[in-house]
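Inspection log for the structure reproduced underneath, given as structure tokens.
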Amino acid sequence: MNLAEGVQIVSFGILAVMMLGAALGVVLLNQIVYSAFLLGGVFMSISGLYILLNADFVAAAQILIYVGAVNVLILFAIMLVNKKEEFKPVRNRWIRQGATALVCVGLLALLSTMVLATPWAVDTTTVNASSTIIQIGKHFFSDFLLPFELASVLLLMAMVGAIILARRDFIPERKATTTEVETALTLPERPRELSGS
Amino acid sequence: MELQLEYFLLLGAALFCIGIYGLVTSRNAVRVLMSVELLLNAVNLNLMGFSNFLDPVEIKGQVFTVFVITVAAAEAAVGLAIILAIYRNRDTIDMEQFNLLKW
């Protein structure tokens, strides 16, 4: 990264404030649609932080996958379950929220002291920052080849699983015929018959 | 004064805590999924910070981040499908009423 240090510090501060504010908005706002759009803001701020960390490819992937796919998917889900419902109030809810806030602040304090107390072995060798995509590609096709292929299998399984889970099938009520008695042990939800048979 | 590793780690820790808070306290099921995404992004931020500051030659942290992004995308798809199915069955997305297996 060949920006001046002051520029880096200032942009880090702006991105950090944007990210934390948007994340708090995601968690605390009442309207779920605002939360979804603020989640996009969180993702874009994190992408900017990745650019500050000399990772151009991962920043682009973050924008493409998170803002372009995950956030749009969440918006679709919000539109599909678009139901105004007043949640029934639960007794002693503030106790739960207070306890959770306490635990979270404690966890933050613990992590902060750990981060600040550990002597990190920072590597100060300077490399040319323009070759991250070449490095990542070399890793993908040499020592991370098996996880890379497994990731493709995982994506395929997730796609098939999501389609099966979200599909809505109405099975019509019919009288049992002889063919149905024969196929009684098969699954009731099955793909449509091929047109020729 | 230049960017330190600690800044990014502290930022990741703060984002993680916000995500935990949202995961536990929110009642809308979609918001729970959003909190999970926040958690995964906090982890990604940590990985990228370590990759840049401790291992700038072999950037294995960035490779890990790409894998985490892949798994997060799959998780979001399956999770939202589960929420749709549960919404059709129970006609609500309130986390307090998903108590079929409770007690």
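The values are calculated or read from the model by the stated rules, or taken from the named source; none is laboratory data. Small disclaimer: the values here were computed from a predicted structure and weren't measured. Heads up, the Cβs are rebuilt from the backbone with ideal geometry, glycines too, and the neighbour counts pull from every protein chain shown. Accessible surface is based on the protein model in full, side chains and every heavy atom, while ligands, DNA and RNA are left aside. Shrake-Rupley method; radii C 1.70, N 1.55, O 1.52, S 1.80 Å.
Is it true that A:Val103 is of a type in the set (Val, Ile, Thr), out of contact with any helix residue (DSSP H, G or I) (no Cβ under 7 Å at 6 or more places or on another chain) and under 19 Å from B:Val24 (Cα atoms)?
When the stated conditions are applied, A:Val103 passes them.
Is it the case that A:Ile63 is assigned to a helix (DSSP H, G or I) and exposed (fewer than 13 other Cβ atoms within 10 Å of the Cβ)?
On the way: assigned to a helix (DSSP H, G or I): yes; exposed (fewer than 13 other Cβ atoms within 10 Å of the Cβ): no.
So A:Ile63 fails the test.
Mind telling me which of the residues B:Ile82, B:Ile86, B:Ile59, B:Ile93 ends up being of a type outside the set (Lys, Arg) and touching a strand residue (DSSP E or B) at 6+ places or on another chain (Cβ under 7 Å)? Can you show your working first?
On the way: B:Ile82 fails: touching a strand residue (DSSP E or B) at 6+ places or on another chain (Cβ under 7 Å); B:Ile86 fails: touching a strand residue (DSSP E or B) at 6+ places or on another chain (Cβ under 7 Å); B:Ile59 fails: touching a strand residue (DSSP E or B) at 6+ places or on another chain (Cβ under 7 Å).
Answer to the selection: B:Ile93.
Going by the structure shown, is A:Ile63 more than 10 Å from chain B (Cβ to nearest Cβ) and more than 17 Å from the chain's Cα centre (by Cα)? So that I can check it myself, show each step before the final result.
Numbers: more than 10 Å from chain B (Cβ to nearest Cβ): yes; more than 17 Å from the chain's Cα centre (by Cα): no.
For A:Ile63, the condition - more than 10 Å from chain B (Cβ to nearest Cβ) and more than 17 Å from the chain's Cα centre (by Cα) - is not met.
Name the residues in segment B:22-59 that are open to solvent by 50 Å² or more (accessible area, probe 1.4 Å), at the interface with chain A (Cβ under 7 Å from one of its Cβ atoms) and in a helix (DSSP H, G or I), would you?
Matches in segment B:22-59: B:Val24 only.
For segment A:96-108, does any single residue satisfy the condition of being modelled with pLDDT under 95, open to solvent by 80 Å² or more (accessible area, probe 1.4 Å) and at negative phi?
Taking every residue of segment A:96-108 in turn, at least one turns out to be modelled with pLDDT under 95, open to solvent by 80 Å² or more (accessible area, probe 1.4 Å) and at negative phi.
Pairs only if they're at least six apart or on different chains, beta carbon under 8 angstrom, first in segment B:65-93 and more than 7 Å from every other protein chain (Cβ to nearest Cβ) and closer than 13 Å to A:Ile78 by Cα, second of a type in the set (Lys, Arg) and open to solvent by 30 Å² or more (accessible area, probe 1.4 Å); list them, first residue then second.
Between residues of segment B:65-93 that are more than 7 Å from every other protein chain (Cβ to nearest Cβ) and closer than 13 Å to A:Ile78 by Cα and residues that are of a type in the set (Lys, Arg) and open to solvent by 30 Å² or more (accessible area, probe 1.4 Å), there is no close pair.
When segment A:24-55 is examined, which residues are found to be under 27 Å from B:Asp55 (Cβ atoms) and open to solvent by less than 80 Å² (accessible area, probe 1.4 Å)?
Within segment A:24-55, the first condition is being under 27 Å from B:Asp55 (Cβ atoms), and the residues that meet it are A:42-55.
Within segment A:24-55, A:Val42, A:Phe43, A:Ser45, A:Ile46, A:Ser47, A:Gly48, A:Leu49, A:Tyr50, A:Leu52, A:Leu53, A:Asn54, A:Ala55 qualify.
Among the numbered criteria (1) under 19 Å from the mean Cα position of the chain (by Cα); (2) facing another protein chain (nearest Cβ under 8 Å), which single criterion is violated by A:Gly21?
(2)
Kindly provide the set of residues from segment B:60-72 that are open to solvent by less than 30 Å² (accessible area, probe 1.4 Å) and not β-branched (Val, Ile, Thr), ordered by number. Working first, answer last.
In the first step, residues of segment B:60-72 are kept if they are open to solvent by less than 30 Å² (accessible area, probe 1.4 Å); the result is B:61-63, B:65-66, B:69-70, B:72.
Once the filter is applied, which keeps residues that are open to solvent by less than 30 Å² (accessible area, probe 1.4 Å) and not β-branched (Val, Ile, Thr), segment B:60-72 yields B:Gly61, B:Gln62, B:Ala72.
Is there a residue being more than 28 Å from B:Thr92 (Cβ to Cβ) and at pLDDT 95 or above anywhere in segment A:21-38? Show your work before the answer.
Applying the first criterion (more than 28 Å from B:Thr92 (Cβ to Cβ)) to segment A:21-38 yields A:21.
Then keep just the ones that are at pLDDT 95 or above; that gives A:21.
Yes, there is a match, as at least one residue in segment A:21-38 is more than 28 Å from B:Thr92 (Cβ to Cβ) and at pLDDT 95 or above.
So for segment B:74-92 (the condition being under 27 Å from A:Gly106 (Cβ atoms), more than 15 Å from the chain's Cα centre (by Cα) and open to solvent by 20 Å² or more (accessible area, probe 1.4 Å)), does at least one residue qualify?
no
What's the number of the condition A:Val81 fails, among (1) within 15 Å of the chain's Cα centre (by Cα); (2) among the hydrophobic types (A, V, I, L, M, F, W, C); (3) surrounded by 19 or more Cβ atoms within 10 Å (Cβ to Cβ)?
Result: A:Val81 passes all but (1).
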